[in-house]
Amino acid sequence: MLPTDTAGRWSVFRQEGKRKLFHALGVGYALLYAGAGRTAALWVLGTGLGAGAIVETLRLRNPALNRWLIDRFAGIHRDKETTRPSGIVWTMAGCFLTVLFVPDGDIVIAAMLYLTVGDGLAGFVGRVWGRWRVRGKSLEGSAACFLGSWAVGALVLTPGGAEALWGAFLTTAVEALSPPPDDNLTIPLLTGLSLYAVRRFL
């Protein structure tokens, strides 16, 4: 439920703002891929993913460690992450698999930025200003996701145009439907694969 009082809305604004800083990791991954290349990105992301998976396994199997880490990141984690892997691990997994399976560099970079910009705007706008909701997702958040993703596609994809619109639609659809296991994985991977398929076969 979205708070209607100023203090409550400001609290949501700060919490969501801090959480979206972690989405900025997608920008770092995109810069790594653009600057160092596919092989280096796979090594860095793969190593980070392996380390993150070990930490998350230990956290979820050890209640004391879980409580300690949750307390350290209070206000940033989602409630569901108390009993399941955190969004950071899913983000690394999504970016790693996108680099692994999508050959075209501009699509890989766009897919990573869709997660940072499109999904980030959807969550931020939806939780702070969202009013009209369908299946728990706000129309305001979806509109922000589409516009932000379209801007990413127009700037990154070569050529932009129809591909930018298609990428924005895909990102908004995946964010709204949130297919399992986690949209931090499915947004970059599904949008990247779909855009590549469109470019390759249509």
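When the helices in the chain are scored as -39500 (n - 2.57) per DSSP H run of 4 or longer and the sum is shared across all residues, what 222 nm value do you end up with, to the nearest 500 deg cm²/dmol?
After summing the helix terms and dividing by residue count, I get -24500 deg cm²/dmol.
Database remark: amide H of Arg133 closer than 5 angstrom to the amide H of Leu139 (H placed geometrically; neighbours at sequence offset of 5 or more, or on other chains; Pro and chain starts carry no H). Among Met112, Met92, the ranking by other beta carbons within 10 Å of each residue's beta carbon, starting with the fewest, stands as Met92, Met112. Each of Ala41, Gly136, Tyr29 was placed along the dipole of region 6-201 (beta-carbon charges, centred on the mean Cα), and the one lying farthest toward the positive end is Gly136.
This model, with +1 at the C-beta of Lys and Arg and -1 at the C-beta of Asp and Glu, gives region 6-201 a dipole about its Cα centre of some 600 debye. In terms of surrounding Cβ atoms within a 10 Å radius of their Cβ, Tyr114, Tyr196, Tyr33 rank from fewest to most as Tyr196, Tyr33, Tyr114. As a proxy for reagent exposure, Thr172, Thr158 were ordered by neighbouring Cβ count within 10 angstrom, fewest first; the result is Thr158, Thr172.
Are there any helices in the chain, counted as whole DSSP H runs, that stretch 15 Å or more along their axis by Cα and score at least 1.0 on average by Kyte-Doolittle, and if so which? Don't jump to the answer; show the numbers that get you there.
Working: long enough: 6-23 (25 Å, -1.07); 25-36 (16 Å, 1.43); 38-61 (34 Å, 0.73); 87-101 (21 Å, 1.95); 139-156 (25 Å, 1.39); 162-177 (22 Å, 1.11); 183-201 (26 Å, 0.57).
TM-like helix candidates: 25-36, 87-101, 139-156, 162-177.
At a threshold of 8 angstrom on Cα-Cα distance, excluding pairs fewer than six apart, so keeping six or more, what relative contact order does region 6-201 reach in percent? Before the final figure, lay out the partial values.
Details: 254 pairs, mean separation 46.7, N = 196.
Relative CO of region 6-201 lands at 24 percent.
Taking Lys and Arg as +1 and Asp and Glu as -1, the other residues whose beta-carbon sits under 13 Å from that of Arg38 total -2.
Every number in this text was worked out from the coordinates using simple rules, so none of it is lab data. The shown structure was predicted, so the numbers you read here are calculated from the model rather than taken from an experiment. Positions of Cβ are backbone-derived with ideal geometry, glycine not excepted, and every protein chain shown enters the neighbour counts.
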